[in-house]
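Bear in mind these aren't lab numbers, they're just calculated from the coordinates by the rules spelled out. The model shown is predicted, which means the values in this text are computed figures rather than measured ones. FYI the Cβ positions are ideal-geometry reconstructions off the backbone, even for glycines, and counts take in every protein chain you see.
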Amino acid sequence: MIDQVAIFGFGVAAVILTNLRADKWRRWAPICGLIAEPFWFYTGYVHEQWGIIGLAFVYGAAWANGIKNHWWKR
């Protein structure tokens, strides 16, 4: 149950933050997205949902790219 709450909370936060106009808030979207990733992997593994695990790798790479763009490049 904790994994689903974390996926919901951090996932919704990432989506909302991604669509804000203010860059100071939008840059937090990939942080929230990456925090949710271990919960996606755990849920996918426990329930043997290999497609979810594959998507978690893709989303993780996208969120990592967001960190690179919003936090390291200035």
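Structure values in brief
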read-out	value
Boolean, Phe10 is aromatic (Phe, Trp, Tyr), surrounded by 13 or more Cβ atoms within 10 Å (Cβ to Cβ), in contact with a Cys (Cβ under 8 Å, 6 or more places away or on another chain) and touching a residue at least 12 places away in the same chain (Cβ under 8 Å)	yes
Filter result for the condition that a residue is under 16 Å from His70 (Cβ atoms) and not in a loop (DSSP other than H, G, I, E, B), over Ile35, Ile7, Ile52	Ile35
Verdict on Ala14 being within 9 Å of the chain's Cα centre (by Cα) and assigned to a helix (DSSP H, G or I)	yes
